[in-house]
Structures are given as C-alpha cells and as structure tokens.
Amino acid sequence: MTVNSYQTEAESEGPASESRSKILAAAARLISRRGYHAVSITDISQAVGLSKATIYHHFCSKEQILTTVIEGTLRRLNRHIRTRLNDCSTPEAALIGFVTSQAEFFEANISDFAVTIARTEGIEASEQQEAINQLRIEYESMLEAVITDGIVSGCFRPFEADVIER
C-alpha cells in the first residue's frame, strides 16, 4: 500500500486532480514550516507554479485547503492502520502493526502530519472541526480496540485509566 497518496490519487484521476494534489502537498509543506497564518494563497500559488485563480478553482479558501489536508491525512492514516491491522492475528502483532504503520505513515507524510497535529487553529467552521474530530475518534478507537483485545486475551496487563489521558 502506498503511504503517501497525493501522487497515486492524482495519477488515477487526471490533470485537474493532479493540480489539486500539488496544491495540497505544497500547502502542507508551507504550513508545516511557517504556520497557517503566515502562508497566503499567493505563497501556495507560487510554490506550485499555478495562478491564484487556479487555486481558487479547486478550493474556495485557504481554510478549505487546510481542512482538506487534515481530513485527507487522517483518512489515509486510518486506512493505512486498518489495512495493517487486518493482517494481524494476535494482540501483540496488532499493537506492533499499529505502531509501525503509524510510524511509516508519519515518515512518508511528515508535512501533512505536522499540519494535522498542530495547525487546526485555522479552521473556523464547526462542521469541518466535527469531521476532523470524528476521524481522530476513529483513530483513537482503533488503538483502544487493540489494547482492549490484548487485555481481554490476557496478553497485556490492565493499566490505570489516569495513566492515559486524551
């Protein structure tokens, strides 16, 4: 499975999707380095060599770009982990699979990951925040299920709830 899907999605969907993917990748790089508020649509357009009009053809705002990066990153991360977990037959293998697939994903998508964990201050719309929160809950639920399965099977020791905080 390809961990970073900007290119593979673009290749399968044509030139418009390729431009969109380039915009998202450039925005993620810029935002991860400089912060959401320090990056403009002009900066993004210059980074990808496209006009501002082309950027606005694909996205109605910088906030939509940010939301798309974060949602896409979380969707791809969850899909990557879920795929790995499907191949695990024991709780130990599932925990190792969860951690290693997460590390692989983060390494291959470092800019997207940095934006996802640190840059949500640019998202004002509550429906986008809710979508992102649901994807984060899905991620956390996968880890909780791995740990719970390990405890129930006797492979892992139970732990104090106050040791793990959200």
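The values are calculated or read from the model by the stated rules, or taken from the named source; none is laboratory data. Quick caveat, the model's predicted, so the values are computed rather than measured. Virtual Cβ from ideal backbone geometry, glycine too; neighbours counted across all protein chains shown. Ligands, DNA and RNA are excluded from the accessible area calculation, which covers all protein heavy atoms including side chains. Shrake-Rupley method; radii C 1.70, N 1.55, O 1.52, S 1.80 Å.
General observations
- FRET efficiency, Ser153 to Ala103 (Cβ-Cβ, R0 25 Å, nearest 0.05): 0.55
- For segment 66-118, the relative contact order works out to 49 percent when only alpha carbon pairs closer than 8 Å and six or more residues apart are counted.
- Per residue solvent-accessible surface (Å²) - segment 37-88, probe of 1.4 Å: 47 Å²
- Compared with the rule-of-thumb size 2.2 N^0.38 Å for a compact globular protein, segment 36-162 has a Cα radius of gyration ratio of 1.31.
- Placing R0 at 41 angstrom, the Cβ-Cβ distance between Ala16 and Ser141 gives a FRET efficiency of 0.75 after rounding to 0.05.
- Accessible-area order (highest first, 1.4 angstrom probe) of the listed residues Asp87, Asp43, Asp149: Asp87, Asp149, Asp43
- Multiplying the residue separation of Arg33 and Glu130 by 0.36 nm and subtracting their alpha-carbon distance yields 32.4 nm.
- For segment 22-166, the share of accessible area belonging to carbon and sulfur comes to 54 percent (1.4 Å probe, ligands and nucleic acids excluded).
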